Amino acid sequence: MWRMWRMVDPRKAIILTGLMIAFISTSIHLIQVSGDRYNINTWHPDTVKAAKAANNAAMPPSK
């Protein structure tokens, strides 16, 4: 194991690992926030209510 650290600078490896984790977690967060776009938040009651309200507002009431 010590031979690997002679080839790779430990400080750079730790910083790059932290940046990768930050990028992945930010990406996951942004996907979850835009749940209506990807239809992943259908389990939450408020999202279901908002989707029904949007459908009712988009379609005029039939006579």
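The values are calculated or read from the model by the stated rules, or taken from the named source; none is laboratory data. Source: prediction; values computed, not measured. FYI the Cβ positions are ideal-geometry reconstructions off the backbone, even for glycines, and counts take in every protein chain you see.
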Need pairs with beta-carbon distance below 6 Å; first residue assigned to a helix (DSSP H, G or I) and within segment 21-49, second at pLDDT below 75; sequence gap 6+ or separate chains. Gly35/Asn41; Thr47/Asn41
Test: residue in segment 26-38 that is loosely packed, with under 10 Cβ neighbours inside 10 Å and at pLDDT below 75: yes
